[in-house]
Amino acid sequence: QLLELYKVNGRPLNLVWTIDILRENSKYIQVLKFWDILPVSEILKLAKRLDNFFGNFTVNTMNRCVCKCVEGNLVVPMTWPAEQNDVRKTSLGDADSVQFLQSQVASLSLRDEAATSYRNHMKFKTNSGAKSYGMKKRW
């Protein structure tokens, strides 16, 4: 499963996010899912908590999460037609996912400060070694 990190320049914090797939009417579309803003020391803990969430993804969903569409120098969301028998095991609306996100958002504090950032590459593994969370550039 892929977690993306966006390091906040001048701060010891990282914006942690993933690409998810959302069914909208008769198509699937890639969406950004922001999980938290954390110091590096806390990212492995978050990755372990997300292990069950990512474990519910189908192979097809995972493949769609890593696809990218480049138009010029921009990466834009990809879309696919939704098939009748193509059902996701999890969705953005799952009660556990919503509750988890609500608790994370409640702890955030955003300031009106401009800062430049860059993407950071890191790889994390859970203690079980069953899943790995790789960071990679998407553009």
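No lab work stands behind these numbers, since they all come straight from the coordinates. The structure displayed is predicted, hence computed values, not measured ones. Cβ atoms come from the backbone with ideal geometry, glycine included; neighbour counts cover every protein chain shown.
Annotations for the structure displayed:
- The tail of the calculated P(r) for the stretch 1-68, taken as Cα-Cα distances beyond 18 Å, holds 43 percent of the pairs.
- R0 of 30 Å, Cβ-Cβ distance Val40-Met62: FRET efficiency to nearest 0.05: 0.75
- Amide proton proximity set for Asp36, modelled H, under 5 Å, gap of 5+: Val16
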